[in-house]
């Protein structure tokens with residue numbers, strides 16, 4: 001029997017029981033749709049992490065005061081100062097730029113709007129090191145930093161939170177902790193990094209933050225950009241050597257600071273996201289197996305219903321292989337049709353989640369081919385038993401079947 005004729009007969013059989021075929025395919029549709037959606041969510045999350053690392057700079061080390069434990073509770077010991085930042089920024093071979101910063105939440109008031117925002121005290125090179133650009137205005141200057149000027153830069157979302165036009169805000173006055181600050185600029189949107197969103201932060205000169213706002217001479221974080229010709233490991237060793245010297249730490253004593261590589265956080269998040277994606281896809285894959293069992297069940301019923309037809313075909317010369325192929329093709333077509341519908345359902349669900357839930361989803365050709373191929377495999381595997389049973393029928397007994 002030609003393969004084309006086999007497919008035609010299979011499609012005719014499916015069409016004659018269309019509603020039953022649709023119900024049979026439902027498990028495959030749900031399974032493929034769920035796999036496509038879960039993998040799209042996982043791929044989107046990983047891509048978002050990559051984009052955020054590219055935007056924030058993957059070659060930046062974060063230096064913080066180390067934590068100590070008291071009665072089982074981690075407490076931060078402030079040990080970093082602006083002198084440390086100066087030491088790291090002068091004569092370093094493997095570090096190109098250094099940005100100290102402190103941050104604390106304060107009440108920010110503009111007109112009748114009152115917000116509680118993270119206020120970051122830092123140096124003028126912060127936007128360059130962290131990859132920020134300006135929509136309006138610009139960054140405060142080194143002269144502003146030296147003179148402890150009361151100037152502020154707003155994150156991209158702040159104008160919307162203040163119900164104000166961002167272009168009109170430049171040059172206006174805003175209050176931080178009841179202290180008047182002149183708005184120097186408004187940044188372009190940056191996007192959140194998962195644990196915080198810099199678009200709703202504000203920036204002021206480090207000296208202003210220390211002596212006019214917080215009254216704290218320590219800095220919480222020092223960001224160090226690794227030089228282009230250097231490696232992260234070389235930069236970390238150099239930073240450790242300089243800070244141990246500045247802090248007078250004797251050989252054999254523990255550091256009172258911690259150096260962290262942002263890429264380690266990104267890799268950890270990617271690994272967790274990948275494991276979670278595989279877990280969800282595996283759970284969704286159970287639906288494919290359940291759908292395959294449903295198809296095997298309905299194919300066994302079909303063999304029983306078409307026993308006399310099988311007998312007639314064998315009496316007319318159909319071989320065991322012809323009958324086996326016919327039922328395998330029919331089972332596979334059911335799964336492939338279910339896979340195609342599930343692919344459409346999964347892609348649609350991913351698009352809806354991206355549009356209305358704000359989640360980043362990416363449907364790749366690889367995930368589509370994987371789900372589609374798996375549905376075909378399910379059709380073949382779960383169609384073998386019904387097809388073998390049909391092919392093994394005795395033609396005389398089959399013709400006598402009522």
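The values are calculated or read from the model by the stated rules, or taken from the named source; none is laboratory data. Being a predicted model, the structure only gives us computed values, none of them experimental. FYI the Cβ positions are ideal-geometry reconstructions off the backbone, even for glycines, and counts take in every protein chain you see.
Looking only at residues in the stretch 356-376 that are in a loop (DSSP other than H, G, I, E, B) and modelled with pLDDT of 80 or more, which one is surrounded by the most Cβ atoms within 10 Å (Cβ to Cβ)?
361
Hey, among 99, 119, 29, which residue is in contact with a helix residue (DSSP H, G or I) (Cβ under 9 Å, 6 or more places away or on another chain), part of a helix (DSSP H, G or I) and modelled with pLDDT of 85 or more?
The conditions single out 29.
Within the stretch 174-203, how many residues are modelled with pLDDT under 95, within 15 Å of residue 112 (Cα to Cα) and loosely packed, with under 14 Cβ neighbours inside 10 Å?
1
Among 294, 379, which is the only one that is modelled with pLDDT of 80 or more, part of a helix (DSSP H, G or I) and buried (at least 20 other Cβ atoms within 10 Å of the Cβ)?
Just a single option satisfies the conditions, and that option is 379.
If I ask for residues that are under 14 Å from residue 108 (Cβ atoms) and in a strand (DSSP E or B), which ones from the stretch 187-215 would you list?
Passing the criteria: 201, 202, 203, 204.
Looking at the stretch 110-118, is at least one residue closer than 14 Å to residue 183 by Cα, within 33 Å of the chain's Cα centre (by Cα) and surrounded by 19 or more Cβ atoms within 10 Å (Cβ to Cβ)?
no
Could you list, in sequence order, all residues of the stretch 145-157 that are outside any loop (DSSP other than H, G, I, E, B) and modelled with pLDDT of 95 or more?
151, 152, 153, 154
Given the criteria without any contact (Cβ under 8 Å) to a residue 60 or more places away in the chain, within 21 Å of residue 386 (Cα to Cα) and assigned to a helix (DSSP H, G or I), does residue 309 qualify?
In short, yes.
Go through (1) out of contact with any strand residue (DSSP E or B) (no Cβ under 6 Å at 6 or more places or on another chain); (2) more than 30 Å from residue 368 (Cα to Cα) for residue 235 and report which single condition fails.
It fails just one condition, (1).
Restricting attention to the stretch 197-230, which residues are without any contact (Cβ under 8 Å) to a residue 40 or more places away in the chain and on the phi < 0 side of the Ramachandran plot?
229
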